[in-house]
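A short worksheet on the structure shown next.
The values are calculated or read from the model by the stated rules, or taken from the named source; none is laboratory data. Since this is a predicted model, take the numbers as computed values, not measurements. Quick reminder, even Gly has a Cβ in these numbers, built from the backbone with ideal geometry, and neighbours come from all protein chains shown. To get the accessible areas, we keep the full protein, side chains included, count just its heavy atoms, and leave off ligands, DNA and RNA. Shrake-Rupley method; radii C 1.70, N 1.55, O 1.52, S 1.80 Å.
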Amino acid sequence: MKIFAHRGASGNHPENTLKAIQAALEIGVDGIEVDVQSCLDDYVIIHDSWLDRTTNGVGKVHHTNLASIKTLDAGLGQSVPTLQELLQLNSNQTLLNLELKHTFELNKLVKILDLNIANKIISPDNLLISSFDHHQLKWMKQQLPWLKIGALTSSIPLHYATFAQELNAFSVHVDKDFVNADFVKDAHARGLEIYAYTVDKYEDVKKLHQLDIDGIFSNFPSNTKSFVQFTKLE
């Protein structure tokens with residue numbers, strides 16, 4: 001079972017910051033999940049549409065320019081990273097799962113990804129775009145046929161993973177509390193990976209391991225790696 005650092009190693013470091021991402025790389029995770037949003041003139045790595053929870057700023061991210069965002073404290077003196085800073089820090093060391101939040105002008109995102117692929121800053125295999133907005137996923141896949149996409153859901157749909165297969169997705173990402181054996185079996189029958197979020201408790205790790213989940217997103221990836229190793233011994 002793969003371990004993804006959720007917003008970096010966010011349980012021990014400010015979420016979605018370069019410090020959290022560097023810590024996740026040092027742990028040796030299978031992937032790092034971060035949130036991508038549009039500010040006025042760039043793409044930044046931040047979860048909420050408002051600045052006030054994770055920084056000392058106010059206002060909406062997409063109403064604020066990058067220069068202003070860069071003056072803010074995102075925790076312990078960390079700044080809000082840009083997408084480019086994230087890509088360069090990772091330097092193709094592990095898979096990056098970019099979850100699109102309030103992300104606009106996707107044509108610009110396509111150009112950034114293409115340029116970073118061409119410059120070998122990241123390889124196609126180490127890039128996964130996910131979102132609850134399946135319209136955006138469909139559009140991204142049409143522009144970049146090579147792109148791996150992950151379809152997010154917080155429910156158990158009537159037809160299980162049909163929606164993800166129809167998107168030509170690589171993976172389906174599910175709420176740990178809304179997944180069952182039939183959902184997992186259906187996803188695998190459709191050739192999809194199935195990942196669960198957000199998993200920090202041993203009991204949840206064990207349950208998902210027994211369900212044959214392919215990967216989990218964790219705020220404490222070091223602890224969760226230990227849980228997975230222990231679970232395999234049982």
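So which of Glu33, Glu99, Glu15 is touching a His at 6+ places or on another chain (Cβ under 7 Å), open to solvent by less than 30 Å² (accessible area, probe 1.4 Å) and not hydroxyl-bearing (Ser, Thr, Tyr)? Walk me through how you get there before you give the answer.
Values: Glu99 fails: touching a His at 6+ places or on another chain (Cβ under 7 Å); Glu15 fails: open to solvent by less than 30 Å² (accessible area, probe 1.4 Å).
Exactly one of Glu33, Glu99, Glu15 is touching a His at 6+ places or on another chain (Cβ under 7 Å), open to solvent by less than 30 Å² (accessible area, probe 1.4 Å) and not hydroxyl-bearing (Ser, Thr, Tyr), namely Glu33.
Every listed requirement among (1) in a loop (DSSP other than H, G, I, E, B); (2) more than 21 Å from Leu87 (Cα to Cα); (3) open to solvent by 10 Å² or more (accessible area, probe 1.4 Å) is met by Pro145 save one, (2).
From the list Thr231, Thr162, the lone residue that is out of contact with any strand residue (DSSP E or B) (no Cβ under 6 Å at 6 or more places or on another chain), surrounded by fewer than 15 Cβ atoms within 10 Å (Cβ to Cβ) and β-branched (Val, Ile, Thr) is Thr162.
If I ask for residues that are open to solvent by 50 Å² or more (accessible area, probe 1.4 Å), farther than 30 Å from Lys2 by Cα and not hydrophobic (A, V, I, L, M, F, W, C), which ones from region 43-79 would you list? Give the derivation first.
Here is the first cut: in region 43-79, the ones open to solvent by 50 Å² or more (accessible area, probe 1.4 Å) are 50, 52-53, 56, 58, 60, 62-63, 65, 67-68, 70-71, 73, 76-77.
Narrowing further to those that are farther than 30 Å from Lys2 by Cα: 50, 52, 56, 58, 60, 62-63, 65, 67-68, 70-71, 73, 77.
Hits for region 43-79 are Asp52, Asn56, Lys60, His62, His63, Asn65, Ser68, Lys70, Thr71, Asp73, Gly77.
In region 13-41, of all residues being assigned to a strand (DSSP E or B) and among the charged types (D, E, K, R), the one that is farthest from Ser171 (Cα to Cα) corresponds to Asp35.
Any chance region 177-190 includes a residue that's of a type outside the set (S, T, N, Q), surrounded by fewer than 23 Cβ atoms within 10 Å (Cβ to Cβ) and in contact (Cβ under 8 Å) with a residue 40 or more places away in the chain? Looking through region 177-190, none of the residues is of a type outside the set (S, T, N, Q), surrounded by fewer than 23 Cβ atoms within 10 Å (Cβ to Cβ) and in contact (Cβ under 8 Å) with a residue 40 or more places away in the chain. Is at least one residue of region 1-8 more than 18 Å from Gly75 (Cα to Cα) and over 15 Å from the mean Cα position of the chain (by Cα)? Yes, region 1-8 has at least one match. Here Ala196 meets the list (1) assigned to a helix (DSSP H, G or I); (2) closer than 17 Å to Asn97 by Cα almost entirely, failing just condition (1). Being open to solvent by 70 Å² or more (accessible area, probe 1.4 Å) and in a helix (DSSP H, G or I) is a description that does not apply to Asn168.
For region 210-222: of the residues being surrounded by 18 or more Cβ atoms within 10 Å (Cβ to Cβ) and assigned to a helix (DSSP H, G or I), which is nearest to the chain's Cα centre (by Cα)? It comes out as Pro221.
Of the residues that sit in region 1-12 and are in a loop (DSSP other than H, G, I, E, B) and in contact with a helix residue (DSSP H, G or I) (Cβ under 7 Å, 6 or more places away or on another chain), which one is surrounded by the most Cβ atoms within 10 Å (Cβ to Cβ)? I'd like the intermediate steps shown before the answer.
Step one: filter region 1-12 for residues in a loop (DSSP other than H, G, I, E, B), giving 1, 7-12.
Narrowing further to those that are in contact with a helix residue (DSSP H, G or I) (Cβ under 7 Å, 6 or more places away or on another chain): 1, 7-10, 12.
On the way: Met1: 20, Arg7: 26, Gly8: 29, Ala9: 26, Ser10: 26, Asn12: 16.
Among residues in region 1-12 that are in a loop (DSSP other than H, G, I, E, B) and in contact with a helix residue (DSSP H, G or I) (Cβ under 7 Å, 6 or more places away or on another chain), the one surrounded by the most Cβ atoms within 10 Å (Cβ to Cβ) is Gly8.
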